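The values are calculated or read from the model by the stated rules, or taken from the named source; none is laboratory data. Quick caveat, the model's predicted, so the values are computed rather than measured. Glycine gets a Cβ as well: all are built from the backbone with ideal geometry, and neighbour counts include every protein chain shown. Note: accessible area is taken over every heavy atom of the protein model, side chains too, but ligands, DNA and RNA are not part of it. Shrake-Rupley method; radii C 1.70, N 1.55, O 1.52, S 1.80 Å.
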Amino acid sequence: MEFVHIPVLLDEVLASLDIKPDGIYVDGTVGGAGHSKEIAKQLSEKGLLIGLDRDPDAVKVASERLKGLPAKIFHCNYDEMQTVLDELEITGVDGILMDLGVSSHQLDTGDRGFSYHVDARLDMRMSQTGLSAEDIVNTWSEAAIAKILFEYGEEKFARSIARKIVEAREIQPIKTTLQLAELVKSGVPQKVRREKNPCKKTFQAIRIAVNGEFEHLERGLEAAFGCLKPGGRLAVITFHSLEDRIVKKQFKKWCTGCICPPDFPQCVCGREPEGELVNRKPIVAGDLELTMNIRSRSAKLRVIERR
């Protein structure tokens, strides 16, 4: 199986995790093992890299690529990492990476249904099980479709696109990516179609809904921070503003101490910060990486250390 994976912000991730040779690290989205392999190569026989992924293709490929290294791979979502650590009788880890969003392999494999450039069955399931994109566009109400397009895709033409989808499925089911792409184009003004391909936001929104990405992210952040040892670090790479907003908000919560009203003369809540930001601003790709990997252009890396 060909699984091309160029790890984004690799050097920055390795530096941010401050890898110890005998440490235990988790890659919550192991993908093609690009980050994982470089982390595992820095570990001694006493160290361990635990790779997790909901995509069975990724699990198979990562298992092959990490052979001979101190690594174990599991087929599960990152919000289940506590269960994995319990099975391994590990009480805490030194670092966790969560590289969010759709992988290069998923985008480039046309029959997975993530791309609006290739005609394929509407699927978009990272786990290859459960609710599909085809289910959403053919069974959800017009209001529900418009809601996810607006909230998850920040699509200002959400209502008109949802209307086109519902009108089309009354004639025949919408089964392919290019069918959906044409409906999206018909739901936006001609000026928008001339300026750029208007499908990105709709496909992003439906993908997020299919995979429950935001719900998994919120649970996954809580699970990950809870699995860190004191001094352990959580590094999260996001690829769009909605993901980054969730991560930024949660990191701020962990770094906040006293929550007493500002007019109180002294603190009575006793709340102490649970974490500390490693970098106050998100880390982004440099010019060299941007020229070599176009998908790094929207990547942001945020890192927090548990107290």
Residues of the range 297-307 that turn out to be surrounded by 19 or more Cβ atoms within 10 Å (Cβ to Cβ) and not in a strand (DSSP E or B), as a count:
1
Go through 132, 115, 127, 160 for me and flag whichever is open to solvent by less than 70 Å² (accessible area, probe 1.4 Å), without any contact (Cβ under 8 Å) to a residue 40 or more places away in the chain and among the polar types (S, T, N, Q).
160
Only one residue in 146, 158, 168 is among the small types (Gly, Ala, Ser) and in contact with a Phe, Trp or Tyr (Cβ under 7 Å, 6 or more places away or on another chain). Which one?
158
Taking the condition in contact (Cβ under 8 Å) with a residue 12 or more places away in the chain, touching a helix residue (DSSP H, G or I) at 6+ places or on another chain (Cβ under 9 Å), under 30 Å from residue 7 (Cβ atoms) and hydrophobic (A, V, I, L, M, F, W, C), does residue 166 pass?
no
Pairs needed: first member in the range 274-296, in a helix (DSSP H, G or I); second member anywhere, surrounded by fewer than 16 Cβ atoms within 10 Å (Cβ to Cβ); C-beta distance under 8 Å; at least 6 residues apart or different chains.
290/297; 292/6; 295/6; 296/290
Do the conditions hold for residue 38, that is, is it out of contact with any Phe, Trp or Tyr (no Cβ under 6 Å at 6 or more places or on another chain), part of a helix (DSSP H, G or I) and modelled with pLDDT of 95 or more?
yes
Regarding the range 81-89, can at least one residue be identified that is more than 22 Å from residue 299 (Cα to Cα), open to solvent by 30 Å² or more (accessible area, probe 1.4 Å) and assigned to a strand (DSSP E or B)?
no
For residues in the range 190-219 being in a loop (DSSP other than H, G, I, E, B) and free of Cβ contacts under 8 Å to residues at least 12 places away in the same chain, which is surrounded by the most Cβ atoms within 10 Å (Cβ to Cβ)?
212
Scan the range 180-189 residue by residue and report those that are assigned to a loop (DSSP other than H, G, I, E, B) and crowded, with 21+ Cβ neighbours inside 10 Å.
187
Top-ranked residue of the range 169-179 - restricted to ones that are closer than 24 Å to residue 156 by Cβ and touching a helix residue (DSSP H, G or I) at 6+ places or on another chain (Cβ under 6 Å), ranked as most open to solvent (accessible area, probe 1.4 Å):
169
Give just the number: which of (1) open to solvent by 10 Å² or more (accessible area, probe 1.4 Å); (2) polar (S, T, N, Q); (3) closer than 30 Å to residue 281 by Cα does residue 44 not satisfy?
(3)
